[in-house]
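Undergrad: Before I ask anything, here is the structure I am working with.
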Number of protein chains: 2
Amino acid sequence: MIVIVTGMPGSGKSRIVREFSEHGVPHVSMGDIVREETLKRGLELTKENVAKVSIRLRQELGQNAVAKLTVERVKELLKKSSVVVIDGVRSLDEVGTFRSAFPGERIIIVAVHTPPHMRFSRLKARGRHDDPKSWEDFEERDWKELKFGIGSVIAMADYMLVNDCSRAEYNRKVRELVKKLLTGIK
Amino acid sequence: MIVIVTGMPGSGKSRIVREFSEHGVPHVSMGDIVREETLKRGLELTKENVAKVSIRLRQELGQNAVAKLTVERVKELLKKSSVVVIDGVRSLDEVGTFRSAFPGERIIIVAVHTPPHMRFSRLKARGRHDDPKSWEDFEERDWKELKFGIGSVIAMADYMLVNDCSRAEYNRKVRELVKKLLTGIK
């Protein structure tokens with residue numbers, strides 16, 4: 001089984017990935033794949049270099065280049081684990097790449113939704129160097145994701161978690177869903 | 001306050017509109033607006049005519065033509081009611097049209113999410129003449145909505161209801177949300 005975890009920036013995706021990981025389920029981050037490719041090519045990890053490598057990958061491997069690299073990684077992981085999590089999917093086109101690469105495999109989309117104003121305050125509070133300082137930054141970052149078509153992936157989710165509650169309550173929802181998905185599989 | 005109700009076909013939007021209506025809140029259906037325009041122009045209500053009128057409206061009023069006609073209708077309704085519901089929004093561009101037409105007004109997006117396989121069985125069971133008979137029909141109809149950018153509207157919702165439960169449970173969720181939204185407003 002392949003579990004695609006999706007959601008807007010700051011929605012709480014990583015909590016889901018971590019829960020799977022605590023159950024021994026490996027994951028592939030599509031963002032990490034581009035960052036690793038950047039390092040492999042002897043470039044420093046700056047925003048500009050990562051963007052440059054993204055474009056170059058597309059020139060070399062075609063549209064959905066990152067999804068294609070992800071397929072290779074997932075193939076390796078499926079040899080050792082019956083479940084693999086993918087995070088960082090941004091379009092239904094990428095989902096289609098996975099569906100055709102793994103025709104026999106069950107592929108499910110898990111989305112997490114957090115209202116925009118809550119994502120904004122949480123990201124601001126987190127304050128990672130690339131987190132938005134203003135509402136304009138926040139909207140710009142959202143827009144980047146939406147442009148790729150992440151909204152369509154969210155709209156077609158098989159499971160939708162709503163993270164508009166306390167952290168404890170969200171943790172409970174995540175634990176419950178991951179348990180349900182892994183029951184009878186591992 | 002303007003409440004934009006959104007969701008994929010068969011997700012359960014109309015249940016929310018009806019709940020508002022039972023509280024005396026009027027609504028504008030963007031789909032009805034095009035159908036009314038079709039009749040006004042002396043044309044029969046066929047799929048082809050409605051599509052033709054949609055295109056003609058855009059030629060006459062520019063992109064977001066239907067949203068612009070909706071604005072006029074909402075303006076009228078806001079004279080009599082402090083809350084108006086809009087359904088049938090398909091893109092963030094249309095949401096933007098409403099935001100700039102009503103700068104002082106609170107505008108919120110309420111989305112309902114139902115997993116695709118559940119929407120398919122419910123639509124098939126409903127069997128309205130335009131409901132999908134096969135999974136291919138269903139995907140085609142979904143794709144039409146997604147192409148407009150409805151996924152981005154869903155991803156930016158202020159409130160998200162998940163309709164993956166029993167009808168009674170969903171009714172309870174809808175009643176609770178509508179009550180919460182109307183408290184202190186009417």
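The values are calculated or read from the model by the stated rules, or taken from the named source; none is laboratory data. Keep in mind the model is a prediction, meaning the values are calculated, not measured. Note that we place each Cβ from the backbone using ideal geometry, even for glycine, and neighbour counts take in every protein chain shown.
Undergrad: For residues that are of a type in the set (Asp, Glu), closer than 21 Å to residue B:90 by Cα and surrounded by fewer than 18 Cβ atoms within 10 Å (Cβ to Cβ), tally how many sit in the stretch B:17-62.
TA: Within the stretch B:17-62, residues that are of a type in the set (Asp, Glu), closer than 21 Å to residue B:90 by Cα and surrounded by fewer than 18 Cβ atoms within 10 Å (Cβ to Cβ) number 4.
Undergrad: For the stretch A:1-22, give me the residue count where each residue is within 14 Å of chain B (Cβ to nearest Cβ) and not hydrophobic (A, V, I, L, M, F, W, C).
TA: Of the residues in the stretch A:1-22, 7 are within 14 Å of chain B (Cβ to nearest Cβ) and not hydrophobic (A, V, I, L, M, F, W, C).
Undergrad: Which of the residues that make up the stretch A:77-92 are of a type in the set (Lys, Arg) and surrounded by 16 or more Cβ atoms within 10 Å (Cβ to Cβ)?
TA: Once the filter is applied, which keeps residues that are of a type in the set (Lys, Arg) and surrounded by 16 or more Cβ atoms within 10 Å (Cβ to Cβ), the stretch A:77-92 yields only A:90.
Undergrad: Based on what the data block shows, is residue B:183 touching an Asp or Glu at 6+ places or on another chain (Cβ under 8 Å) and among the hydroxyl-bearing types (Ser, Thr, Tyr)?
TA: For residue B:183, the condition - touching an Asp or Glu at 6+ places or on another chain (Cβ under 8 Å) and among the hydroxyl-bearing types (Ser, Thr, Tyr) - is not met.
Undergrad: Mind checking which residues of the stretch A:106-151 are within 18 Å of the chain's Cα centre (by Cα), surrounded by 12 or more Cβ atoms within 10 Å (Cβ to Cβ) and acidic (Asp, Glu)?
TA: A:131, A:142, A:145
Undergrad: Between residues in the stretch B:72-84 that are at pLDDT 95 or above and residues that are in a helix (DSSP H, G or I), which pairs lie under 6 Å by C-beta distance while being six or more apart or on different chains?
TA: Here the result reads B:84/B:74; B:84/B:77; B:84/B:78, each pair linking the stretch B:72-84 to a residue that is in a helix (DSSP H, G or I).
Undergrad: Scan the stretch B:178-185 and give yes if some residue there is under 17 Å from residue A:154 (Cα atoms), surrounded by 12 or more Cβ atoms within 10 Å (Cβ to Cβ) and within 14 Å of chain A (Cβ to nearest Cβ), otherwise no.
TA: no
Undergrad: I would also like to ask the following. Do the conditions hold for residue B:67, that is, is it under 19 Å from the mean Cα position of the chain (by Cα), crowded, with 21+ Cβ neighbours inside 10 Å, among the small types (Gly, Ala, Ser) and not in a strand (DSSP E or B)?
TA: yes
Undergrad: Considering only the stretch A:102-120, state which residues are in contact (Cβ under 8 Å) with a residue 12 or more places away in the chain and not hydrophobic (A, V, I, L, M, F, W, C).
TA: The answer is A:105, A:106, A:113, A:114, A:115, A:116, A:119.
Undergrad: Moving on to the next point. Name the residue, out of B:74, B:95, that is buried (at least 17 other Cβ atoms within 10 Å of the Cβ), over 25 Å from residue A:117 (Cα atoms) and of a type in the set (A, V, I, L, M).
TA: Just one listed residue meets the conditions, B:74.
Undergrad: For the stretch A:133-186, name all the residues that are in contact with a His (Cβ under 9 Å, 6 or more places away or on another chain), closer than 21 Å to residue A:117 by Cβ and acidic (Asp, Glu).
TA: A:164
Undergrad: Residues of the stretch A:15-53 being β-branched (Val, Ile, Thr) and either over 25 Å from residue A:122 (Cβ atoms) or not in a helix (DSSP H, G or I) (or both), which ones?
TA: Passing the criteria: A:25, A:28, A:33, A:38, A:46, A:53.
Undergrad: Which residue pairs have Cβ atoms under 7 Å apart, sit 6 or more places apart or on different chains, and have a first residue in the stretch A:5-16 that is of a type in the set (Val, Ile, Thr) and a second that is surrounded by 24 or more Cβ atoms within 10 Å (Cβ to Cβ) and at pLDDT below 95?
TA: Short answer, once both residue conditions are applied: none.
Undergrad: What number of residues within the stretch A:121-151 are under 19 Å from residue B:160 (Cα atoms), free of Cβ contacts under 8 Å to residues at least 12 places away in the same chain and either touching a strand residue (DSSP E or B) at 6+ places or on another chain (Cβ under 6 Å) or more than 13 Å from chain B (Cβ to nearest Cβ) (or both)?
TA: Counting residues in the stretch A:121-151 that are under 19 Å from residue B:160 (Cα atoms), free of Cβ contacts under 8 Å to residues at least 12 places away in the same chain and either touching a strand residue (DSSP E or B) at 6+ places or on another chain (Cβ under 6 Å) or more than 13 Å from chain B (Cβ to nearest Cβ) (or both) gives 1.
Undergrad: Of the residues A:35, A:99, A:90, A:56, which single one is within 15 Å of the chain's Cα centre (by Cα) and without any contact (Cβ under 8 Å) to a residue 24 or more places away in the chain?
TA: A:35
Undergrad: If we keep just the residues of the stretch A:152-177 that are among the hydroxyl-bearing types (Ser, Thr, Tyr) and under 30 Å from residue B:139 (Cα atoms), which is farthest from the other protein chains (Cβ to nearest Cβ)?
TA: Looking at residues that are among the hydroxyl-bearing types (Ser, Thr, Tyr) and under 30 Å from residue B:139 (Cα atoms), I get A:159.
Undergrad: Which of the residues that make up the stretch A:96-146 are in contact with a helix residue (DSSP H, G or I) (Cβ under 7 Å, 6 or more places away or on another chain) and β-branched (Val, Ile, Thr)?
TA: Hits for the stretch A:96-146 are A:97, A:107, A:109, A:110, A:112.
Undergrad: Here's something else I'd like to know. Take the residues in the stretch A:152-173 that are of a type in the set (D, E, K, R) and touching a residue at least 24 places away in the same chain (Cβ under 8 Å), then tell me which one is surrounded by the fewest Cβ atoms within 10 Å (Cβ to Cβ).
TA: Top of the filtered list is A:164.
Undergrad: Of the residues A:74, A:3, only one is touching a strand residue (DSSP E or B) at 6+ places or on another chain (Cβ under 9 Å) and not in a strand (DSSP E or B); which?
TA: Answer to the selection: A:74.
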